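The values are calculated or read from the model by the stated rules, or taken from the named source; none is laboratory data. Nothing here was measured: the structure is a model prediction, and the numbers come from that model. For neighbour counting, all protein chains shown are included, and Cβ atoms are generated from backbone atoms with ideal geometry for every residue, glycine included.
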């Protein structure tokens, strides 16, 4: 839901406090109230976090609900479900007072978005172009509604898309030891 106020700059967004614990994204200058997560979306994100820990990715390089500044027609701030940070980005964020990846920082290695009902266009279209503009190496769209996982891999300035369903093993150029099927991700077990 868009909150009806005038367009904001990044600085205004970072300073915004409505006195509640609500989570917001900034979409082309507009404040977007983030709905509560569904239980399946929360479980999928937690499952992937635990799985990446098993791949020996250090906990300090994994983060949930960290804001990512991206560019659109105006600056936007997204709140992905899960991020894998590079060593350089993790070092740069160490000690930060707010968990946000700003435009002058290196991009995350991986962004994972779990699609919520009625948010398909945002995850498949808008965020895809925004994350591509940031040069994020991989963007995973985990879609429990359509029962698929879409992996977007950054290749020579564009995302190449691979769609996986059912018992297909997910492929990733970032994680060579990945042994994960779509069914396992969607069941979060």
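At a glance:
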{"read-out": "Single residue of region 54-71 satisfying the filter (surrounded by 16 or more Cβ atoms within 10 Å (Cβ to Cβ) and in contact (Cβ under 8 Å) with a residue 60 or more places away in the chain) that is farthest from the chain's Cα centre (by Cα)", "value": "70"}
{"read-out": "Enumeration of residues in region 105-136 that are assigned to a loop (DSSP other than H, G, I, E, B), in contact with a strand residue (DSSP E or B) (Cβ under 9 Å, 6 or more places away or on another chain) and closer than 13 Å to residue 68 by Cβ", "value": "105, 107, 108, 109, 135, 136"}
{"read-out": "Residues (assigned to a helix (DSSP H, G or I) and surrounded by fewer than 13 Cβ atoms within 10 Å (Cβ to Cβ)) located in region 1-52", "value": "11, 15, 39, 50"}
{"read-out": "Only one of 127, 121 that is modelled with pLDDT under 95, under 13 Å from the mean Cα position of the chain (by Cα) and closer than 25 Å to residue 40 by Cβ", "value": "127"}
{"read-out": "Subset of region 144-189 [exposed (fewer than 13 other Cβ atoms within 10 Å of the Cβ), in contact (Cβ under 8 Å) with a residue 12 or more places away in the chain and in a strand (DSSP E or B)]", "value": "158, 169"}
